[in-house]
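In what follows, a structure is listed as structure tokens, so that the remarks can point back to it.
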Amino acid sequence: VAGLSAPDGNIKTDIPKYRVYRHGILTEEVTSVEEIWNESMVGFLIGCSFTFEEALLNNGIPIRHIEENCNVPMYQTNMECVKAGIFEGPMVVSMRPVTEKEAIRAVQITSRFPSVHGAPVHIGDPKAIGILDIDKPDFGDSVTIRDGEVPVFWACGVTPQAVAMQSKP
């Protein structure tokens, strides 16, 4: 099984770890899915927002979860993804706090990376996208938001997990 992103790759074996969901529940983590793969399955590769972080750092924009030596905070939102067959569910976003001036530059920088989530999907009030407590991420770790900073949210590669949990394939 190969594709445009990795023409010589094998989606069943080439990823370091797979999370297996059955009926919306995470049942195991494995290093290969060859034993459970069948011809009705389809695989895909998605970009990760970690890819654009080097560009942000190179432009003087600090990355708080790197500074605090933890994982990026990720939140399930009230923004629904476009339904595809049985698959539907909420968008998950990752958040990085920056100053308002840095937020403008972050939009300019990350918009150059459309294959790894591109520009932010929201800047500012977390409640506007269904995040009730910014200090309690659904995935990852909480980070410090300092005075004068605004939360900036990018689409996140954890979204397929949230969709699998809701769709229960």
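The values are calculated or read from the model by the stated rules, or taken from the named source; none is laboratory data. All figures in this text were calculated on a predicted structure; none of them were measured in a lab. Cβ placement follows ideal geometry from the backbone for every residue including glycine, while neighbour counts extend to all protein chains displayed. We work out accessible area using only protein heavy atoms, side chains counted, and drop any ligands, DNA or RNA first. Shrake-Rupley method; radii C 1.70, N 1.55, O 1.52, S 1.80 Å.
Brief remarks follow.
- Ligands, DNA and RNA are left out, and with a 1.4 angstrom probe the accessible area of the chain is 58 Å² per residue.
- FRET efficiency, 1/(1 + (r/R0)^6) with R0 41 Å, evaluated for S111 and I25 via beta carbons: 0.65
- Cα-based Lys pair tally, the chain, threshold under 30 Å, eight or more apart or on separate chains: 13
- Placing pseudo-labels 7 Å out from each Cα toward the beta carbon at K101 and D8 gives an inter-label distance of 4.7 nm.
- When you filter the trypsin sites (Lys or Arg not before Pro) in segment 91-169 for DSSP loop state and at most 14 other Cβ atoms inside 10 Å of their Cβ, you are left with R112, R146.
- Segment 13-169, accessible surface, carbon-and-sulfur percent (1.4 angstrom probe): 54
- Checking every one of the GluC sites (Glu not before Pro) in segment 78-169 against DSSP loop status and a limit of 14 other Cβ atoms within 10 Å picks out E88.
- Computed from label points 7 Å out along Cα-Cβ, the spacing between N38 and T144 is 5.2 nm.
- Summary value for segment 50-132: 29 percent relative contact order, contacts being C-alpha pairs under 8 angstrom separated by 6+ residues.
- Translational D in µm²/s for segment 25-169 (Stokes-Einstein at 37 °C, 0.692 mPa s, Kirkwood Rh from C-alpha pairs): 201
- Once backbone amide H atoms are built at 1.01 Å from N, V98 has V150, V152 as its partners under 5 Å, excluding neighbours fewer than 5 places away on the same chain.
- More than 16 angstrom apart: percent of Cα pairs within segment 1-110: 73
- Multiplying the residue separation of A128 and Y18 by 0.36 nm and removing their Cα-Cα distance gives an extension gain of 36.4 nm.
- Residues K136 and E80, FRET efficiency given R0 of 30 Å [Cβ-Cβ distance, rounded to 0.05]: 0.90
- Amide H contacts for Y21 (H built 1.01 Å from N in the peptide plane; partners 5 or more residues away or on another chain; cut-off under 5 Å): T27.
- Pairwise label distance in nanometres, C70 with F87, each label 7 Å out on the Cα-Cβ vector: 3.1
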